[in-house]
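Structure record follows, encoded as structure tokens.
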Number of protein chains: 2
Amino acid sequence: MTPEQFRAAGHAMIDWIADYWARVESLPVLSRAAPGDLLAALPASPPERGEAWEAIIADVDRLIMPGITHWQSPNFFAFFPANASAPAVLGELLSAGLGVNGMLWATSPAATELETRMLDWMAELIGLPEPFRSTSPSGGGVIQGTASESALIAMLAARRRALNRAPGAELVAYTSTQTHSSIVKAAMIAGLADSPQDRRRLRLIGVDGTFAMRPDLLAEAMREDAAAGRVPFYVCATVGTTSSTAVDPVGAIGPICRERGAWLHVDAAHAGAACVCPEFRWLLDGVEHADSLCFNPHKWLLTNFDCDLFWTSDKASVVGALSITPEYLRNAASEAGATDYRDWQIPLGRRFRALKLWFVLRHYGAEGLRAHIRQHVRLAALFESLVREEGGEHFEIPAPRTINLVCFRLRGEGPEADERNRALLDRINATGEAYLTHTVLPPADGGDGPGRYTLRMAIGGTMTRERHVRRAWEVIRREAAAART
Amino acid sequence: MTPEQFRAAGHAMIDWIADYWARVESLPVLSRAAPGDLLAALPASPPERGEAWEAIIADVDRLIMPGITHWQSPNFFAFFPANASAPAVLGELLSAGLGVNGMLWATSPAATELETRMLDWMAELIGLPEPFRSTSPSGGGVIQGTASESALIAMLAARRRALNRAPGAELVAYTSTQTHSSIVKAAMIAGLADSPQDRRRLRLIGVDGTFAMRPDLLAEAMREDAAAGRVPFYVCATVGTTSSTAVDPVGAIGPICRERGAWLHVDAAHAGAACVCPEFRWLLDGVEHADSLCFNPHKWLLTNFDCDLFWTSDKASVVGALSITPEYLRNAASEAGATDYRDWQIPLGRRFRALKLWFVLRHYGAEGLRAHIRQHVRLAALFESLVREEGGEHFEIPAPRTINLVCFRLRGEGPEADERNRALLDRINATGEAYLTHTVLPPADGGDGPGRYTLRMAIGGTMTRERHVRRAWEVIRREAAAART
């Protein structure tokens, strides 16, 4: 491709994206592709000769688009959002064009230093205390790909610190029954669990009526393990669970961890974004007790995937768990103490992801980010009130709404009610007018009985406005009524 | 940003990148920034109000560019390349604009199915046998971020398989002394090594005069471990080491692994790209014995970071090591057996990275990729001959050249010669006209003596042509002569 061809193809691609964002609202949100559709349409073998760019782009529309589930649609209410924005996409583009690998400070000093400052900016925006900032001797932050990686890295750092204190100790980790699957996965990767069900070195702590971890049960489990000679070394508290945005009480959990010397990691993957607003900072109450925390601007803060922010107040343990320096990476700057972010992550290489975050923070400003968050929380409150006021006869709200996620379900208990809720979700998603997903909430009595199938309405799309939420509610009501007849 | 503003800013960004690629050759390759330069220039706090796009972009030139080490420069010969190309960058842009998360088949069927087919296409291009293809019942491939992650995932799959066969067994892993640091890092992450020096469950096998793993020493180490009741479970063979592109003899290593039931992972991160040319397929001789392998199109195959391809002939062990299904991810397609790539990787979320690979394969075609590889191998041979013929009085080639990396050094042994080589490298890089890095090669006699400081010339930039290589040699000669006077 000549430079002129690149300019033409690039301008056309920008226009394609602008057009896509303009029309995405009108597309069925959940892809209607059947398994194998695209595989059947693609050649079995790669082309021998290069093809014309126009032919390739035509195939994007013809072959790829029918297989896209539209995460950027304002009618996407599934999982948690993964919202992009124009400045972020341009930052990703610039990062790809520069094509630098920021594995070492020396391999592009700007990549490391911009990242360091962006983590400090964001720490200020969400009100993190000084020990997590790069201006503190033992603190600082880094961009990871995902919160899964942050949870794993925190676990590895915790192990490093625990084994330094008690070599050979039998270590035990703790998190709630409502935690994200990535914590169990981290334990499997780290060798602390042989299977998802292996509870020998990973305890799942019970929750209260709001689905938040019970500190008394955590303290009791730690006490039992310590009495048996095991070492409690890692606790993951979730601020905003994936099921229902439940908030583990970090302020109560922190002192329990401190007493046992356990590393406290706070997984605020989704909810952390809300803390750019002072009125939601209570979510992180007690974070001063944490050794690490993370949240994902790539979920609800206008920054395209991947961008997870990880902070620690004990960077020596993180680097101690992950640093290996072969000769071919040695350089004067590293030896003089420069930050080499490869030692803060699982991979060696890394893209220049701080660019997109810088663009987002400067384009929107603190003010713009707060307006973005507040709008969605307001819409979630509106949706909740619609369900209660217009739908109260048929629907219930089985979990408290914390921020922008509303859990709701058709009334009724037992398998038949679950099945009606499942069928309703399928009906809604089949319309293409909205896309929601589900969870199963534990029984309200905190017992071990079967959980309740529940629909989730997560409101966080960059382009989601009140009319989209109102229309989604109309679709839900309509489909629920049709199902009753 | 309005759609019209996005179009204007996007077109300008495309033009900026086109202009950058046109002028990058003239920029000092290694950034001349001093530690803290960018930090001092950036505001300590984020802006309260959003800023004008023009002001942000002006700061890219003013603040960021001085801190960039130009990986896309045709004069970049350091580490291994991380070459981008116009079609790949446009693929990354499209992926960001679509903003889909391909964690499950259902969350964008096209993301999964295009990836599956691209891995099959590439398997065909590099001549991988049928068991690694998705058309085989137990095989298939996936895009990972980096070869570090592939090495780790292979280790986890190997552990899963070994513990299924022998629950509770004491497992031992093997790789060569010349392996990439990521293998040791993987062992630390997986809990098989407490530190980079911990050799209780990770053996480093000695190498021959070409710096390739010695199968006899591997067999001996495995025999000793098995005799002591330990279970050899994982071997990583490197095809193209980072130090010198040494090639471990997979054909000889394979049967040794098979005899012990150990998982064989082939790390061809850099060299695998060469196998698009039939004349270099010997690099992967014996790969039919492997359980997994990986290579990075993001190094030498025109696809911007990150894009590591991982294939396995035992996907059940991979998924068995990494799969956890919480309720909120359950869906009909998964239960019907669709491929969910989240179960093949460390993170949960994932970008639509197959787009850029599809664009590259179609734009260049097999023919274009072969021409790209052959050009650089020819230039490496040219560089080697220049060193031997014009520089033979002062320089030596201390490691055989395999493909596009030339190891060379000023003649002489001992610390003084190492110091002269180190000083030469610093002089070359200070010119800004080329950027090379170094390694330390083990003693030629295979003993435990001190290694030899050696310069590395890796030729793989998308825009690197003969004149850049000839000029780099002139710079090297000139600086070496200046250092002698």
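Where a number appears in this text, it was derived from the coordinates with a stated rule and is not lab data. Here the structure is a predicted model, which means the values were calculated and not measured. We place every Cβ from the backbone using ideal geometry, glycine too, and count neighbours over all the protein chains shown.
The range B:41-132: which GluC sites (Glu not before Pro) are DSSP loop and have at most 15 other beta-carbon atoms within 10 angstrom?
Working: sites: B:Glu48, B:Glu51, B:Glu54, B:Glu92, B:Glu113, B:Glu115, B:Glu124; in loops: B:Glu48, B:Glu51.
Within the range B:41-132, the qualifying GluC sites (Glu not before Pro) (loop, at most 15 other Cβ atoms within 10 Å) are B:Glu48, B:Glu51.
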Check your understanding: What is the Cα centroid distance between the range A:236-276 and the range A:167-202, reported in whole angstrom?
Key -> 17
**Study point:** Sequence-distant residues sharing a close amide H with A:Ile205 (under 5 Å, placed H)
**Key:** A:Thr175, A:Ser176, A:Thr177
Check your understanding: For the range B:19-145, what does the equivalent ellipsoid look like in terms of its semi-axes, each the square root of 5 times an eigenvalue of the Cα gyration tensor, given largest first in whole Å?
Key -> 39, 22, 13
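Taking the range A:282-415 on its own, what percent of its Cα-Cα pair distances exceed 26 Å?
Details: 4461 of 8911 pairs.
Everything past 26 Å amounts to 50 percent.
Take every residue in peptide B:360-370, count the Cβ atoms of other chains within 10 Å of its Cβ, and give the average of those counts.
Values: counts 1, 5, 11, 8, 6, 6, 6, 4, 4, 2, 1.
Mean number of neighbouring Cβ atoms from other chains: 5.
With contacts defined as alpha carbon pairs under 8 Å and 6 or more residues apart, what's the relative contact order of chain B in percent? Intermediate values should be presented prior to the final figure.
On the way: 904 pairs, mean separation 104.8, N = 485.
Once normalised by length, the contact order is 22 percent.
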Check your understanding: Hey, for B:Glu288 with labels 7 Å out along Cα-Cβ, what do the inter-copy distances come to in nm, ordered shortest first?
Key -> 6.7
Study note, to complete from the structure: Neighbours of B:Thr402 by Cβ distance under 15 Å: Lys/Arg at +1, Asp/Glu at -1, summed charge 0
**Study point:** Under-5 Å amide H pairs with A:Gln144, H placed in peptide plane, nonlocal only
**Key:** A:Asp308, A:Leu309, A:Phe310
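Considering only the other residues whose Cβ falls under 9 Å of the Cβ of B:Leu171, what net charge follows from Lys and Arg at +1 and Asp and Glu at -1?
Values: positive: B:Arg159, B:Arg201, B:Arg230; negative: B:Glu170.
Here the count lands on +2.
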Practice item. Step through the residues of the range B:58-66 one at a time and calculate ³J(HN,Hα) from phi using the Karplus curve (6.51 cos²θ - 1.76 cosθ + 1.60, θ = phi - 60°), rounding each to whole Hz and writing x for Gly and Pro. Key: 4, 6, 4, 5, 6, 9, 7, 4, x
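Please give me the summed charge of the neighbours of A:Val239: other residues whose Cβ is under 12 Å from its Cβ, Lys and Arg +1, Asp and Glu -1. Mind showing how you got there, number by number?
Values: positive: A:Arg281; negative: A:Asp248, A:Asp267, A:Asp285.
Every neighbour counted, the sum reads -2.
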Check your understanding: Near the amide H of B:Leu171, under 5 Å away, which other amide H atoms are found, from residues 5 or more places off or on another chain, if H is placed in the peptide plane?
Key -> B:Val231
Revision key, fill the gap. Of all GluC sites (Glu not before Pro) in the range B:403-485, the ones in DSSP coil with at most 14 other Cβ atoms within 10 Å are B:Glu413
Point to revise | Rounded to whole Hz, the Karplus (6.51, -1.76, 1.60) HN-Hα couplings of the range A:361-376, x for glycine and proline | key: 5, 7, 5, 8, x, 4, 4, x, 5, 5, 4, 4, 5, 4, 4, 6
Point to revise | For the range A:280-328 and the range B:342-410, distance of Cα centres in Å | key: 34
**Study point:** Peptide-level mean, for B:239-247, of C-beta atoms on other protein chains within 10 Å
**Key:** 1
Check your understanding: Please state the relative contact order of the range A:174-231 as a whole percent: Cα pairs under 8 Å, 6+ residues apart?
Key -> 34
Exercise for review: Read phi for every residue in the range B:170-177 and hand back ³J(HN,Hα) as whole Hz from Karplus 6.51 cos²θ - 1.76 cosθ + 1.60, θ = phi - 60°, with x for Gly and Pro.
Suggested key: 8, 9, 9, 10, 9, 7, 8, 5
Check your understanding: When DSSP assigns beta bridges and you keep just the ones with both residues in the protein assembly as shown, what percent turn out antiparallel, to the nearest 5?
Key -> 55
Review point. Label-to-label distances across copies for A:Ala8, with labels 7 Å out along Cα→Cβ, in nm, shortest first?
Key: 2.5
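To check you understand DSSP bridge types, tell me what percent of the beta bridges within the range A:211-356 (both residues inside) are antiparallel, rounded to 5. It would help to have the intermediate numbers written out before the result.
Details: 5 of 13 bridges.
Antiparallel bridges: around 40 percent, rounded to the nearest 5.
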Practice item. Taking a label point 7 Å out from Cα toward Cβ, give me the nm distances from B:Arg470 to the same spot in the other copies, shortest first, one decimal. Key: 7.2
Review point. On the first, second and third principal axes, largest extent first, how far apart are the outermost C-alpha atoms of chain A in Å?
Key: 65, 62, 47
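So what is the 222 nm mean residue ellipticity for chain B from helices alone, if each DSSP H run of at least 4 adds -39500 (n - 2.57) and you divide by all residues, rounding to the nearest 500 deg cm²/dmol?
Details: 15 runs with 208 residues, N = 485.
It lands at -14000 deg cm²/dmol.
Across peptide A:154-165, how many C-beta atoms of other chains are within 10 Å of each residue C-beta, on average?
Mean partner-chain Cβ count within 10 Å for A:154-165: 1.
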Point to revise | Per-q log10 I(q)/I(0), the protein assembly as shown, q = 0.06, 0.10 Å⁻¹ (Debye; single scatterer per alpha-carbon; no solvent) | key: -0.40, -1.20
**Study point:** Closest Cβ on chain B to the rotation axis that carries it onto A (distance rounded to whole Å)
**Key:** B:Gly191, 2
